1. Straight-line reach from Lys56: which lysines fall under 23 Å, measuring Cα to Cα and dropping same-chain residues less than 8 apart?
2. Along the positive direction of the dipole of the chain (beta-carbon charges: Lys, Arg +1; Asp, Glu -1; about the Cα centre), which of Gly137, Ala127, Ala212 reaches farthest?
3. Determine how many Å³ per residue the convex hull of the Cα atoms of the chain encloses.
4. Take the cross-link list Lys218/Lys275; Lys155/Lys261; Lys156/Lys250 and give me the ones stretching past 24 Å between alpha-carbons.
5. Compute the acute angle (0 to 90°) between the alpha-carbon long axis of helix 140-153 and the principal axis of greatest extent of the alpha-carbon atoms of the chain; round to the nearest 10°.
6. Which of Ser197, Ser94, Ser185 comes first, and how do the rest follow, when ranked by fewest Cβ neighbours within 10 Å?
7. Do any GluC sites (Glu not before Pro) in region 236-279 lie in a loop, going by DSSP, with at most 14 other beta-carbon atoms within 10 Å of their beta carbon, and if so which?
8. Taking H as built 1.01 Å from N, whose amide H comes closer than 5 Å to the amide H of Phe61, not counting residues under 5 places away?
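Bear in mind these aren't lab numbers, they're just calculated from the coordinates by the rules spelled out. What you are looking at is a predicted structure, and each value in this text was computed from that prediction instead of being measured. Cβ atoms come from the backbone with ideal geometry, glycine included; neighbour counts cover every protein chain shown.
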Amino acid sequence: MKIGFIGLGIMGGRMAHNLLTKGHDLIVYNRTPAKAAALMAEGAKWAETPADLAQKVDILFTMLSTPEVIQTLAANENGFLDALPKGALWVDCSTVNPGFARWMAAVAGARGVRFLDAPVAGTKGPAGSGDLIFLVGGNAEDLAQCRPLLDCMGKKIVYLGGAGNGAAMKMLFNLMLGNAMAAYSEALVLGEALGLSRQTVADVILDTPVAAPFLKMKQALIDQDEFEAHFPLRWMRKDLHLVAQTAYEKGVALPALNAVKEIYALAEKHGLGEKDFAAIYRYLAT
Ligand SMILES: NC(=O)c1ccc[n+]([C@@H]2O[C@H](COP(=O)([O-])OP(=O)(O)OC[C@H]3O[C@@H](n4cnc5c(N)ncnc54)[C@H](OP(=O)(O)O)[C@@H]3O)[C@@H](O)[C@H]2O)c1
């Protein structure tokens, strides 16, 4: 079985590496070719365009930044969609809104290509160690076919039903992540203003049920004050935008989410977009 992987950023590069090291043949494409160098040294083949890659594979994984980028690489000149063989399976792992995931399923289906939305919970570390959680929407038989591949990259696969349901669940994860990071950052800033040291606030709060467990990892980034990106802040802002868009489409009000989304927008404007989303603390603290 020939496998293609498009999108070799923080997440995709590590996921592709795990497929390769577990013995799978891989053809890869990335806008910035240099990011494929390490994978090619491990045996991956390079494709010059998404279309070149697509015509040679049975299963295609995409791990790209935004719906707009996926649409461009899928449907523009040299796009992968028209080049995929009929009956091929496209598994999109990017974080997108459920409406866009359903659009992908429809345009793929119209071309005789099967589609799964399989976004992931977990960041750079779990992507590297093969410990991601896949949230999957689409046909159960298609999932059964690619399950052994997902097992190479993840520790858990959650099947949620029809197309778009994986993306729907992923929206909820990032709503929780984005809000919790902002709330914790505000607690640190207020605590310091009240004369409590940042260390004391962190030690006390992070050891209680009010703190989400992921915040311990983010505290380490706050302490180092470098905010090397595990999950870039600009993609958190993008995801919160997609959550807000999805809520609008459903007539659901998310007042807290919408306020928090704009804090990430301001932090991005402040030059923190390429940093980890924990850098929202730096924005609020300065
Ligand atoms: N990092 C995390 O913790 C995490 C966790 C779960 C889900 N996600 C989601 O996973 C996806 C990828 O995230 P990431 O952290 O791996 O981001 P990343 O390192 O920024 O990678 C983004 C990928 O998209 C490609 N890309 C961006 N703009 C493009 C364009 N205009 N044309 C062609 N390719 C383009 C990049 O190519 P270049 O290499 O050329 O820039 C790269 O392959 C996003 O949807 C994100 O929300 C991320």
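1. Cα-Cα hits under 23 Å: Lys2, Lys22, Lys35, Lys45, Lys86.
2. Gly137
3. About 131 Å³ per residue, rounded to a whole number.
4. In this structure, Lys155/Lys261; Lys156/Lys250 lie more than 24 Å apart at Cα.
5. Relative to the chain, helix 140-153 is tipped by roughly 60 degrees.
6. With the sparsest Cβ surroundings first, the list reads Ser197, Ser185, Ser94.
7. Loop-located and lightly packed - Glu274.
8. HN-HN under 5 Å from Phe61: Gly4, Phe5, Ile6, Val91.
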